[in-house]
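Report on one structure; see the data block that follows.
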Amino acid sequence: MKKKVLIIYTGGTIGMKKTEKGYAPISGFLGEAISAIGDMNSADAPLWDLCEMSPLLDSSDITVKEWNKIAEVIYKNYAQYDGFVVLHGTDTMAYTASALSFILHGLDKPVVLTGSQIPLSEIRSDGRDNLVTSLIIAADGIANEVCLYFSGKLLRGNRAVKMSADQLVAFDSPNYPHLADVGISIRYNYSAIGKPSGKSLEMRPFSNVPIGVLKVFPGIQFGLFESIMTEKLSGIVLETFGAGNIPSDGGALIPIISRAFESGSVITVCSQCPSGTVTLGAYETSSALKSAGAVSGFDMTTEAAVAKLYYLFSLGLSKDEIKEKMEENLRGELS
């Protein structure tokens, strides 16, 4: 019996049409473009249905609300399909992949996010291969987790980062092996693919809690961010230098972090380096962060750290429980 896959279109470059104001997602246009791809209707291809979200959005406009809506479509249709392909704009695809990995607990079917750098309607579109290959991967039922496929690489969704704005090889996972490499054949890396939990699928939607990201830079004046960090944000991802280092700035950041923690905020330290891990205390400049109540994001991406904070705060946990779980591997997001 043929496998069946649900394709969920959220918007993004892959289904955009050229208009007088530039490329834009147009309702109904993607279905026509997909139907024109011979491989999608080949006897060897899985069966598929298309679900178009409304409204269609450029991925820069995707929010917590859309993450929950995408997850809900998968959850409600879970029994009817063998796998799912989510077509999404590239700019925030890694954020959505990370979010879905936390919202959907107990997956034992593939959820593959993909898109393109060039619209399907254009002659050199990379979207055709990305879509067809994602469809096959979704039907294979081997990588049963939230994945991201792009230009020959199948990546764990919450390990993926966008590496290029204009190259066709746009994504990678610097701190985790590829789940598969695709050439003439699809070569799955079975040791890297997560093992199903054996539990039934649960959907745990995110609440729209206030989360912020602060990137440290040379000469940063931490005092300018004090009111935001201590009063308005539940979770903060602090992107530091190297293994967790910050400028001393007269020690201005440490009391800010201490007050933020006391008021209920959870500060997670990630590295600006694409590869490597945060080790709080490895250098003197990072020891004070740990003493002030910050937690280590280890080798998590910023995208995964943001999604994980949304998830844990949405569960209604205490700040101490959230701190503890931020440093635990929950969905394969950290080593």
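The values are calculated or read from the model by the stated rules, or taken from the named source; none is laboratory data. Note that this is a predicted model, so its numbers are computed, not measured. Please note: Cβ atoms are built from the backbone with ideal geometry, for glycine as well, and neighbour counts cover all protein chains shown. Side chains included, ligands, DNA and RNA excluded: accessible areas come from the protein's heavy atoms. Shrake-Rupley method; radii C 1.70, N 1.55, O 1.52, S 1.80 Å.
A compact table of results
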quantity	calculated
Some residue of region 105-114 being open to solvent by less than 10 Å² (accessible area, probe 1.4 Å), out of contact with any His (no Cβ under 6 Å at 6 or more places or on another chain) and among the hydrophobic types (A, V, I, L, M, F, W, C)	yes
Restricting region 293-335 to residues that are free of Cβ contacts under 8 Å to residues at least 40 places away in the same chain and charged (D, E, K, R), the residue that is most open to solvent (accessible area, probe 1.4 Å)	GLU324
Residues being at pLDDT 85 or above and open to solvent by 30 Å² or more (accessible area, probe 1.4 Å) - total across region 210-223	8
Condition check for LEU168: closer than 30 Å to GLN117 by Cα, open to solvent by 50 Å² or more (accessible area, probe 1.4 Å), modelled with pLDDT under 95 and not charged (D, E, K, R)	yes
Filtered residue count, region 1-27, keeping only those that are assigned to a helix (DSSP H, G or I) and among the hydrophobic types (A, V, I, L, M, F, W, C)	1
Filter pass, THR96 being touching a strand residue (DSSP E or B) at 6+ places or on another chain (Cβ under 8 Å), part of a helix (DSSP H, G or I) and among the polar types (S, T, N, Q)	yes
Candidates LEU280, LEU238, LEU253, filtered to the one that is farther than 13 Å from GLY297 by Cα and not β-branched (Val, Ile, Thr)	LEU253
Selected residue (criterion: least open to solvent (accessible area, probe 1.4 Å)) from residues of region 121-147 that are more than 20 Å from SER101 (Cβ to Cβ) and among the acidic types (Asp, Glu)	ASP126
Test: residue in region 59-75 that is part of a loop (DSSP other than H, G, I, E, B), surrounded by fewer than 21 Cβ atoms within 10 Å (Cβ to Cβ) and over 15 Å from the mean Cα position of the chain (by Cα)	no
Flag if GLY264 is more than 23 Å from LEU317 (Cα to Cα) and either open to solvent by less than 60 Å² (accessible area, probe 1.4 Å) or touching a residue at least 60 places away in the same chain (Cβ under 8 Å) (or both)	no
Candidates LEU30, LEU50, filtered to the one that is over 21 Å from the mean Cα position of the chain (by Cα) and assigned to a strand (DSSP E or B)	LEU50
Set ILE228, ILE257: member being open to solvent by 30 Å² or more (accessible area, probe 1.4 Å) and among the hydrophobic types (A, V, I, L, M, F, W, C)	ILE228
Residue in region 22-45 that is of a type in the set (Asp, Glu) and farther than 19 Å from VAL5 by Cα present	no
The one condition in (1) open to solvent by 10 Å² or more (accessible area, probe 1.4 Å); (2) closer than 15 Å to SER98 by Cβ; (3) in contact with a helix residue (DSSP H, G or I) (Cβ under 7 Å, 6 or more places away or on another chain) that ALA243 fails to fulfil	(2)
Residue in region 283-290 that is touching a strand residue (DSSP E or B) at 6+ places or on another chain (Cβ under 7 Å), open to solvent by 60 Å² or more (accessible area, probe 1.4 Å) and part of a loop (DSSP other than H, G, I, E, B) present	yes
Selected residue (criterion: nearest to the chain's Cα centre (by Cα)) from residues of region 9-21 that are over 16 Å from THR90 (Cβ atoms) and not acidic (Asp, Glu)	LYS17
